[in-house]
1. Tell me, which strands (runs of 3 or more DSSP E) lie completely within the range A:346-414 with 1 or more residues that are out of contact with any strand residue (DSSP E or B) (no Cβ under 9 Å at 6 or more places or on another chain)?
2. Of A:297, A:337, which residue is within 28 Å of residue A:163 (Cα to Cα) and in a loop (DSSP other than H, G, I, E, B)?
3. What are the pairs with Cβ atoms under 7 angstrom where one residue, in the range B:114-129, is more than 7 Å from chain A (Cβ to nearest Cβ) and at positive phi and the other, located anywhere, is surrounded by 24 or more Cβ atoms within 10 Å (Cβ to Cβ) and in a loop (DSSP other than H, G, I, E, B)? Sequence gap at least six, or different chains.
4. Among the listed residues B:18, B:54, identify the single one that is in a helix (DSSP H, G or I) and modelled with pLDDT of 80 or more.
5. Report yes if some residue within the range A:350-358 is surrounded by fewer than 16 Cβ atoms within 10 Å (Cβ to Cβ), more than 11 Å from every other protein chain (Cβ to nearest Cβ) and charged (D, E, K, R); otherwise report no.
6. How many residues does the range B:41-85 hold that are over 13 Å from the mean Cα position of the chain (by Cα) and closer than 30 Å to residue B:111 by Cβ?
7. Filter the range A:310-349 down to residues that are away from chain B (no Cβ under 14 Å) and small (Gly, Ala, Ser) and give me whichever is nearest to residue A:406 (Cα to Cα).
8. Among the residues of the range A:145-167, are any out of contact with any helix residue (DSSP H, G or I) (no Cβ under 8 Å at 6 or more places or on another chain), aliphatic (A, V, I, L, M), in a strand (DSSP E or B) and within 14 Å of chain B (Cβ to nearest Cβ)?
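The values are calculated or read from the model by the stated rules, or taken from the named source; none is laboratory data. What you see is a predicted model; the values in this text were computed from it and never measured. Neighbour counts run over all protein chains shown; Cβ positions are idealised from the backbone, glycine included.
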Amino acid sequence: MKHMSALLLAALMLVSIGTRAQLVIEITQGRDNPTAIAVAPFAWQGTGPVPEDVAQVIDDDLARSGQFDPVARGDMLGRPSSQQEVFYRDWQAINAEYLLIGRVNVTDEVQMRIEYELFDVARQTRVLNGYEEGHVNEARMLSHRVADEVYQQLTGTRGAFATRLLYVSVTRVPNGKDYFRLTLADSDGARPIVLLESREPILAPSWSPDGKEIAYVSFETSRPAIFRQDLASGAREQLTNFRGLNSAPAWSPDGNTMAMVLSKDGNPDIYLMDLGTRRLTRITRHYAIDTEPTWMPDGNALLFTSDRGGRPQIYRYDLRSGATTRVTFEGSYNARPRMAQDGRNLVLVHRSGEGFHIALYDMETSRLQILTNTELDESPSIAPNGSMVLYATKSGDRGILAAVSVDGGVKFRLPAREGDVREPAWSPYMSR
Amino acid sequence: MKQLPVAGKTLTLLFAAAFLVACSSKDTKEADAAAVAAAEAEARSMAERSAATAAANAANAEQQRLQDAVAAAGNVFYFEYDSSTLTPQAQDALDAHIALLNNNDRSVRLEGHTDERGTREYNMALGERRANAVRDYMGVSGIASYRIETVSYGEEQPVAYGSGEANWSQNRRVELK
């Protein structure tokens, strides 16, 4: 019990971790013709030190998407912060296609307001203006929301910068037990918070559809068990304690049901747990390995990995008809499916030759496209807007996170300065 | 008391003399008989004690032999890639453990592990298959299922951290604890 309470304490304290464990973004590949945008430093209208370089956060978000090529501040010929101060020729001279300006104020020491205006330099018109308000402690998240608005205006796709990531990091202890940490960070890797620390494995972090709760598997009882945890309060609850596997929790789109893998009846099968009544329904009944369930966005079907055909492939279970159909046929290994919100783009782990790569499978055309060229890629997680896939890979001996756009055109890495990082889980859109 | 024949009497006396050298010459027939009974009891007891000691020694030697065999076999059993089939070496090593377990009432925990290739959840299932393969082999050899607990760690607890077969082969294993 002492052991348990120490763990619970770590979970509740939301221990902030030092910069050494923070992820750093390195863009490795961008698009051929990114849009040139100038994000002028936002004017600080409050008193005291500037709480956050809002423009830099926005600039970094847009650059990371691979679709924008932000103008360096040193090249800017002016620093406008209002429409009257904008001289279009200054921005045409440095080939900026768009210009974002803004103002930041903090009232009552806690309430932050960011006002922004976006201009089309060629057409010499303002195309977007707005503001974001919130607690000054959320300055970075407010900045990400501005980036989301700009991204949507210019690409037509909803932005996903104001989202968060879960991941597991491991500090190796040679000849001893490793340290496992479940960490929550912003989508750019900033502001990491350790939610749980244990000397026993932690894995399979996943999100509730409203982004307020998470589920994961912890071995802290010396056996695997599924837990759910509320992010705001830190309160957590052990959902399963069955003999054998208790793994791969996946929340249904309506938040009422959790798909999971249990082997209590002999071998790994998919079950559904009604989170209200805790009643279990067995979904698959096969002597093969059935695992890694994920929901179709409409909640009417599950995709999962099974080796019932001899090798791991993706199968689909229709919850209305109870029919199981095989989805993937290309190659000898397709596993760990994750579905985009469009119900069409499926990301998975595909083996070709000796390597495990992240691939995109189009559910409509049945076309499989390999997105990564590293050797041991796993755990793909797709952004809520379907634009990027975050995954785990190896760099030398180290586990790192990396991201690739769904068309394979944009790539970046998020190495940590120490330890192994793995199992990223991209949050859904966060409700305000 | 019934008279013993002369020959019998002489024999008894010889026996008594052999065991009770210190006995006086003031022998009566009753004393003779008591001495004989005592001597016989003593002889029986000594024989039993020495038989028990011999049996205990033999059992200890057997226990020691079984423990030595287990120590030589080790408590880690290795597997081929993506396989949960026991290799002949693993079976030999397990046989040593089974022989010892058939001689005591210990419970064991079987921890299944995999190498890093393949997805984590699939490996969690593969690790369980490996632990179950060991459990089933022990079950066939008469170890009751309630004495065996299986847990899979998948690829989460490697012994060797690097990539390549030299590391991977060390990680594809079941540990008996």
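1. In the range A:346-414, there are no strands (runs of 3 or more DSSP E) which contain 1 or more residues that are out of contact with any strand residue (DSSP E or B) (no Cβ under 9 Å at 6 or more places or on another chain).
2. Just one listed residue meets the conditions, A:297.
3. Listed pairs, sorted by first residue: none to list.
4. Result: B:54 is the single residue among B:18, B:54 that is in a helix (DSSP H, G or I) and modelled with pLDDT of 80 or more.
5. no
6. Number of matching residues: 14.
7. A:340
8. No, that holds for no residue.
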